[in-house]
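The values are calculated or read from the model by the stated rules, or taken from the named source; none is laboratory data. Because the structure is a prediction, the values reported are computed rather than measured. With ideal geometry, Cβ positions are generated from the backbone for all residues, glycine too; neighbour counts draw on all protein chains shown. What goes into the accessible areas is simple: the full protein's heavy atoms, side chains included, and nothing from ligands, DNA or RNA. Shrake-Rupley method; radii C 1.70, N 1.55, O 1.52, S 1.80 Å.
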Amino acid sequence: MLRIAEVTAAYGPITALHQVSLEVRSGELVTLLGANGAGKTTLLRTISGLLRPLAGRMEFDGRRIDTLAPERLVGLGIVQVPEGRQIFPELTVAENLRLGAYHRRDRAGIRRDLEWVLTIFPVLRQRYGQMGGTLSGGEQQMLAIARGLMAAPKLLLLDEPSLGLAPLLVRRIFEVIGQIHAAGVTVLMAEQNAAMALSLADRGYVLQNGAIRLSGSTAELRMNPEVRRLYLGHSL
Ligand code: ATP
(Lines give C-alpha, C1' and ligand atoms only; values in the text may rest on other atoms or scores of the structure.)
Protein backbone atom coordinates (compact mmCIF):
# COMPACT_ATOMS: atom_id res chain seq x y z
CA MET A 1 0.00 0.00 0.00
CA LEU A 2 2.68 2.50 1.07
CA ARG A 3 6.23 2.10 -0.13
CA ILE A 4 8.97 4.53 0.76
CA ALA A 5 12.40 4.17 -0.77
CA GLU A 6 15.52 6.02 0.37
CA VAL A 7 13.70 9.16 1.42
CA THR A 8 15.80 12.06 2.66
CA ALA A 9 14.22 15.14 4.20
CA ALA A 10 15.61 18.25 5.84
CA TYR A 11 14.69 21.42 7.65
CA GLY A 12 16.99 23.94 5.97
CA PRO A 13 20.52 22.81 6.69
CA ILE A 14 19.43 20.10 9.14
CA THR A 15 18.90 16.70 7.56
CA ALA A 16 16.21 14.99 9.64
CA LEU A 17 15.70 11.80 7.57
CA HIS A 18 18.53 9.88 5.94
CA GLN A 19 17.54 7.51 3.12
CA VAL A 20 14.61 6.00 4.95
CA SER A 21 12.96 2.97 3.36
CA LEU A 22 9.77 1.53 4.78
CA GLU A 23 6.71 -0.37 3.69
CA VAL A 24 3.19 -0.67 5.01
CA ARG A 25 1.01 -3.36 3.46
CA SER A 26 -2.73 -3.15 3.20
CA GLY A 27 -4.41 -4.15 6.47
CA GLU A 28 -1.27 -3.92 8.58
CA LEU A 29 -0.66 -2.02 11.78
CA VAL A 30 2.95 -0.89 11.70
CA THR A 31 4.68 0.99 14.48
CA LEU A 32 7.51 3.45 14.25
CA LEU A 33 9.60 3.53 17.40
CA GLY A 34 12.28 6.00 18.36
CA ALA A 35 13.42 8.42 21.04
CA ASN A 36 12.63 12.14 21.10
CA GLY A 37 14.04 13.78 18.00
CA ALA A 38 14.62 10.50 16.15
CA GLY A 39 12.55 11.76 13.21
CA LYS A 40 9.18 10.03 13.70
CA THR A 41 7.10 13.17 13.27
CA THR A 42 9.24 14.24 10.34
CA LEU A 43 8.66 10.93 8.59
CA LEU A 44 4.89 11.09 9.11
CA ARG A 45 4.80 14.70 7.91
CA THR A 46 6.78 13.72 4.83
CA ILE A 47 4.36 10.89 4.04
CA SER A 48 1.35 13.19 4.44
CA GLY A 49 2.91 15.79 2.14
CA LEU A 50 3.51 18.49 4.74
CA LEU A 51 7.24 18.23 4.15
CA ARG A 52 8.69 17.63 0.70
CA PRO A 53 11.42 15.01 0.56
CA LEU A 54 14.75 16.11 -0.92
CA ALA A 55 15.38 12.71 -2.42
CA GLY A 56 13.82 9.29 -2.64
CA ARG A 57 10.53 7.89 -3.79
CA MET A 58 7.14 7.39 -2.14
CA GLU A 59 4.33 5.32 -3.60
CA PHE A 60 0.80 4.74 -2.40
CA ASP A 61 -1.29 2.00 -4.03
CA GLY A 62 1.27 1.86 -6.84
CA ARG A 63 1.10 5.57 -7.54
CA ARG A 64 3.90 8.05 -7.01
CA ILE A 65 2.95 10.53 -4.28
CA ASP A 66 6.09 12.42 -3.33
CA THR A 67 5.14 15.56 -5.24
CA LEU A 68 1.46 15.67 -4.27
CA ALA A 69 0.00 18.35 -1.98
CA PRO A 70 -1.42 17.31 1.40
CA GLU A 71 -5.05 17.85 0.28
CA ARG A 72 -4.56 15.47 -2.65
CA LEU A 73 -3.09 12.88 -0.31
CA VAL A 74 -6.08 13.16 2.03
CA GLY A 75 -8.26 12.60 -1.02
CA LEU A 76 -6.30 9.42 -1.76
CA GLY A 77 -6.88 8.23 1.80
CA ILE A 78 -3.66 9.19 3.60
CA VAL A 79 -4.78 10.91 6.79
CA GLN A 80 -2.56 12.10 9.61
CA VAL A 81 -3.58 12.60 13.23
CA PRO A 82 -0.95 15.06 14.42
CA GLU A 83 1.07 14.90 17.61
CA GLY A 84 -0.35 17.07 20.39
CA ARG A 85 -3.91 16.61 19.10
CA GLN A 86 -4.32 20.00 17.39
CA ILE A 87 -8.07 19.99 17.46
CA PHE A 88 -9.93 23.29 16.98
CA PRO A 89 -10.52 24.51 20.55
CA GLU A 90 -13.09 27.15 19.59
CA LEU A 91 -15.24 24.74 17.62
CA THR A 92 -17.59 22.17 19.07
CA VAL A 93 -16.93 18.44 18.97
CA ALA A 94 -19.56 18.18 16.21
CA GLU A 95 -17.86 20.89 14.14
CA ASN A 96 -14.42 19.36 14.62
CA LEU A 97 -15.77 16.05 13.38
CA ARG A 98 -17.51 17.64 10.42
CA LEU A 99 -14.24 19.33 9.41
CA GLY A 100 -12.58 15.94 9.26
CA ALA A 101 -14.94 15.06 6.43
CA TYR A 102 -14.58 18.40 4.59
CA HIS A 103 -13.36 16.88 1.34
CA ARG A 104 -16.05 14.20 1.18
CA ARG A 105 -19.28 14.35 -0.78
CA ASP A 106 -20.72 10.95 0.15
CA ARG A 107 -23.33 12.07 2.65
CA ALA A 108 -24.50 8.60 3.54
CA GLY A 109 -20.89 7.52 4.16
CA ILE A 110 -20.24 10.58 6.32
CA ARG A 111 -23.35 9.85 8.39
CA ARG A 112 -22.32 6.22 8.79
CA ASP A 113 -18.77 7.16 9.83
CA LEU A 114 -20.07 9.73 12.30
CA GLU A 115 -22.19 7.06 13.95
CA TRP A 116 -19.18 4.72 13.93
CA VAL A 117 -16.81 7.19 15.65
CA LEU A 118 -19.46 8.12 18.23
CA THR A 119 -19.86 4.42 18.97
CA ILE A 120 -16.11 3.91 19.33
CA PHE A 121 -15.80 7.06 21.46
CA PRO A 122 -19.05 7.33 23.47
CA VAL A 123 -17.62 10.27 25.41
CA LEU A 124 -17.68 12.35 22.21
CA ARG A 125 -21.41 11.74 21.93
CA GLN A 126 -21.83 13.06 25.47
CA ARG A 127 -19.70 16.11 24.64
CA TYR A 128 -21.09 16.62 21.16
CA GLY A 129 -22.07 20.28 21.52
CA GLN A 130 -19.15 21.23 23.77
CA MET A 131 -16.17 23.35 22.65
CA GLY A 132 -13.12 21.24 21.80
CA GLY A 133 -10.91 23.35 24.05
CA THR A 134 -12.95 22.43 27.12
CA LEU A 135 -12.33 18.68 26.72
CA SER A 136 -9.76 16.88 28.85
CA GLY A 137 -6.46 15.90 27.26
CA GLY A 138 -7.59 12.31 26.75
CA GLU A 139 -10.89 13.41 25.25
CA GLN A 140 -9.06 15.76 22.89
CA GLN A 141 -6.87 12.87 21.75
CA MET A 142 -9.99 10.82 21.09
CA LEU A 143 -11.48 13.74 19.16
CA ALA A 144 -8.30 14.06 17.09
CA ILE A 145 -8.42 10.38 16.16
CA ALA A 146 -12.16 10.53 15.51
CA ARG A 147 -11.67 13.56 13.26
CA GLY A 148 -9.04 11.60 11.34
CA LEU A 149 -11.48 8.72 10.91
CA MET A 150 -14.10 11.10 9.53
CA ALA A 151 -11.75 11.66 6.58
CA ALA A 152 -12.30 8.00 5.58
CA PRO A 153 -8.62 7.00 5.75
CA LYS A 154 -7.19 4.02 3.93
CA LEU A 155 -3.93 4.68 5.72
CA LEU A 156 -4.15 6.37 9.11
CA LEU A 157 -0.93 8.00 10.36
CA LEU A 158 -0.97 8.35 14.13
CA ASP A 159 1.70 10.51 15.76
CA GLU A 160 2.27 9.52 19.39
CA PRO A 161 -1.37 8.89 20.29
CA SER A 162 -0.50 8.07 23.91
CA LEU A 163 1.56 11.18 24.55
CA GLY A 164 0.75 12.89 27.85
CA LEU A 165 -2.06 10.53 28.82
CA ALA A 166 -2.54 8.78 32.16
CA PRO A 167 -1.85 5.00 32.07
CA LEU A 168 -5.52 4.02 32.11
CA LEU A 169 -6.26 6.28 29.17
CA VAL A 170 -3.20 5.01 27.32
CA ARG A 171 -4.65 1.53 27.54
CA ARG A 172 -8.04 2.79 26.33
CA ILE A 173 -6.48 4.64 23.36
CA PHE A 174 -4.52 1.55 22.29
CA GLU A 175 -7.64 -0.57 22.64
CA VAL A 176 -9.46 1.77 20.30
CA ILE A 177 -6.58 1.78 17.82
CA GLY A 178 -6.88 -2.01 17.83
CA GLN A 179 -10.60 -1.69 17.03
CA ILE A 180 -9.92 0.76 14.20
CA HIS A 181 -7.36 -1.62 12.74
CA ALA A 182 -9.75 -4.55 13.14
CA ALA A 183 -12.33 -2.54 11.19
CA GLY A 184 -9.96 -2.65 8.22
CA VAL A 185 -8.01 0.61 8.45
CA THR A 186 -4.29 0.30 7.75
CA VAL A 187 -2.29 2.12 10.43
CA LEU A 188 1.21 3.54 10.71
CA MET A 189 1.74 4.68 14.29
CA ALA A 190 4.70 6.56 15.76
CA GLU A 191 5.07 5.81 19.45
CA GLN A 192 7.48 6.24 22.31
CA ASN A 193 5.55 3.74 24.41
CA ALA A 194 7.33 0.79 22.80
CA ALA A 195 5.83 -1.85 25.08
CA MET A 196 2.26 -0.90 24.21
CA ALA A 197 3.00 -0.30 20.54
CA LEU A 198 4.73 -3.67 20.15
CA SER A 199 1.87 -5.44 21.87
CA LEU A 200 -0.56 -4.11 19.27
CA ALA A 201 1.33 -3.85 15.98
CA ASP A 202 2.14 -6.49 13.35
CA ARG A 203 5.56 -5.08 12.50
CA GLY A 204 7.79 -2.24 13.51
CA TYR A 205 10.66 0.01 12.52
CA VAL A 206 13.10 1.69 14.86
CA LEU A 207 14.28 5.14 13.87
CA GLN A 208 17.48 6.52 15.28
CA ASN A 209 18.94 9.89 14.31
CA GLY A 210 16.74 10.03 11.24
CA ALA A 211 17.68 6.60 9.90
CA ILE A 212 16.04 3.17 10.12
CA ARG A 213 18.10 1.27 12.61
CA LEU A 214 16.07 -1.94 12.92
CA SER A 215 12.93 -3.47 11.50
CA GLY A 216 11.00 -6.69 11.86
CA SER A 217 7.92 -8.38 13.23
CA THR A 218 6.92 -7.20 16.67
CA ALA A 219 7.92 -10.60 18.06
CA GLU A 220 11.42 -10.16 16.62
CA LEU A 221 11.71 -6.61 17.88
CA ARG A 222 10.54 -7.56 21.37
CA MET A 223 13.34 -10.14 21.54
CA ASN A 224 16.00 -7.82 20.15
CA PRO A 225 18.56 -6.92 22.86
CA GLU A 226 18.92 -3.35 21.63
CA VAL A 227 15.15 -2.78 21.61
CA ARG A 228 14.88 -4.34 25.04
CA ARG A 229 17.61 -2.18 26.47
CA LEU A 230 16.84 1.13 24.78
CA TYR A 231 13.07 1.08 24.32
CA LEU A 232 11.62 -1.50 26.70
CA GLY A 233 13.75 -0.59 29.69
CA HIS A 234 15.15 -4.08 30.33
CA SER A 235 18.65 -4.29 31.71
CA LEU A 236 20.52 -7.21 30.19
P1 ATP B 1 9.46 13.62 19.26
O2 ATP B 1 9.06 12.32 19.80
O3 ATP B 1 10.21 14.45 20.26
O4 ATP B 1 8.37 14.37 18.58
P5 ATP B 1 10.44 12.79 16.69
O6 ATP B 1 11.04 11.45 16.60
O7 ATP B 1 9.06 12.96 16.22
O8 ATP B 1 10.57 13.30 18.17
P9 ATP B 1 11.10 14.94 14.90
O10 ATP B 1 10.14 15.90 15.51
O11 ATP B 1 10.76 14.34 13.61
O12 ATP B 1 11.41 13.77 15.93
O13 ATP B 1 12.52 15.66 14.80
C14 ATP B 1 13.63 15.13 14.10
C15 ATP B 1 14.76 16.15 14.05
O16 ATP B 1 14.38 17.26 13.23
C17 ATP B 1 15.11 16.73 15.41
O18 ATP B 1 16.50 16.89 15.45
C19 ATP B 1 14.42 18.07 15.42
O20 ATP B 1 15.10 18.99 16.21
C21 ATP B 1 14.45 18.47 13.96
N22 ATP B 1 13.30 19.31 13.61
C23 ATP B 1 12.00 18.97 13.74
N24 ATP B 1 11.19 19.97 13.31
C25 ATP B 1 12.01 20.97 12.88
C26 ATP B 1 11.79 22.26 12.31
N27 ATP B 1 10.57 22.72 12.07
N28 ATP B 1 12.89 23.00 12.03
C29 ATP B 1 14.14 22.53 12.25
N30 ATP B 1 14.40 21.32 12.77
C31 ATP B 1 13.37 20.54 13.09
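Miscellaneous remarks
- Debye-sum result for the chain in log10 I(q)/I(0), which assumes one identical scatterer on each alpha carbon, at q = 0.16 Å⁻¹: -1.15
- In the range 57-119, the chymotrypsin sites (Phe, Trp or Tyr not before Pro) that fall in loop regions by DSSP, at most 16 other Cβ within 10 Å: Tyr102
- C-alpha long axis of helix 167-182 to longest principal axis of the chain, angle in °: 90 degrees
- FRET efficiency estimate (nearest 0.05) - Cβ-Cβ, Ala35 to Glu175, R0 25 angstrom: 0.50
- Using R0 = 35 Å, the C-beta based FRET efficiency linking Asp61 and Thr134 works out to 0.35.
- Stretchable slack from Arg107 to Gln208, in nm (0.36 nm times residue separation minus alpha-carbon distance): 32.1 nm
- The gain in end-to-end length when the Ala219 to Glu71 segment is fully stretched comes to 49.7 nm, 0.36 nm per residue minus the alpha carbon separation.
- In the chain, the portion of solvent-accessible area held by carbon and sulfur atoms comes to 52 percent [1.4 Å probe, whole percent, DNA, RNA and ligands not counted].
- The angle separating the long axis of helix 107-120 from the principal Cα axis of greatest extent in the chain is about 70 degrees.
- The residues of the chain expose on average 46 square angstrom of accessible surface per residue, using a 1.4 Å probe on protein heavy atoms.
- Span from the the range 163-202 Cα centroid across to the the range 1-76 one, whole angstrom: 20 Å
- Once both labels are positioned 7 Å from their Cα atoms along Cα-to-Cβ, the gap between Leu99 and Arg228 label points is 4.6 nm.
- Cut-off 13 Å between beta-carbons: net charge of the residues surrounding Arg127, Lys and Arg +1, Asp and Glu -1: -1
- Summing +1 for each Lys or Arg and -1 for each Asp or Glu among the other residues whose beta-carbon sits under 15 angstrom from that of Ser26 gives 0.
- A full extension of the chain between Ala5 and Arg52 corresponds to an added length of 15.5 nm, given 0.36 nm per residue minus the alpha carbon distance.
- Value at 222 nm in deg cm²/dmol, rounded to 500, when DSSP H runs of n ≥ 4 in the chain each add -39,500 (n - 2.57): -11000 deg cm²/dmol
- The chain - percent relative contact order, Cα under 8 Å, separation 6 or more: 27 percent
- Taken about its Cα centre, the range 93-236 carries a charge dipole of about 300 debye when Lys and Arg each add +1 at the Cβ and Asp and Glu each add -1 at the Cβ.
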